1. Starting with the highest mean, order 55-65, 119-129, 37-47, 21-31 by the number of other Cβ atoms within 10 Å, averaged over the residues of each peptide.
2. How much length is gained if the chain between Ala24 and Ser110 is pulled fully straight, taking 0.36 nm per residue apart and subtracting their Cα-Cα distance, in nm to one decimal?
3. Under the rule a/c < 1.5 gives rounded, and otherwise a/b versus b/c splits prolate from oblate, where does the stretch 20-135 land using the Cα gyration tensor?
Amino acid sequence: MLALGLPAGAALAIDNPDRPDPVAEFATRAGDFETRIAGAGTDRDALAVYAQYEQFLDRELNLAYTALVRQGRDSRRQDLVRSQKSWLVFRDAELRFIANNWTPQDFGSSSVTSRAAYRAALIRGRVEALLGYLRSYPPGGLAAPAH
């Protein structure tokens, strides 16, 4: 259970110290939604913010993926595309599990909020992973390989 509390960006890697930290920048943008969710007066209010948050996370995921695709050389780009396709299959399976596991029968009225929280955490983790990868590249992209 301890691993669930660790951010995806905490992977042990050597990042480019000259590049801005896209994970920290993302966390700042996401923080507004998380603060609004935490301060929601009702489950209905929290669910409305979660819906906006999921849209935000989806946009951030697409932006991070696109930026990362632009950075990689052909073989790396192909690996990334394969990885993302596999992650999307995993995501869809995980979303089915979340929907079928946190049911009102088993978890009562909190099930809807729990499902929203797990969905958001799943997508947020992938965004953080992609942005963490992106941070390792130089700010101007990769230099062309020497021939």
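Each value in this text was obtained by applying a stated rule to the coordinates, not by laboratory testing. Computed from a prediction, not measured in an experiment: that's the story for all the values here. Every residue, glycine among them, receives a Cβ derived from its backbone with ideal geometry; neighbour counts consider all protein chains shown.
1. 119-129, 55-65, 21-31, 37-47
2. Residue separation times 0.36 nm, minus the Cα-Cα distance, leaves 27.9 nm.
3. oblate
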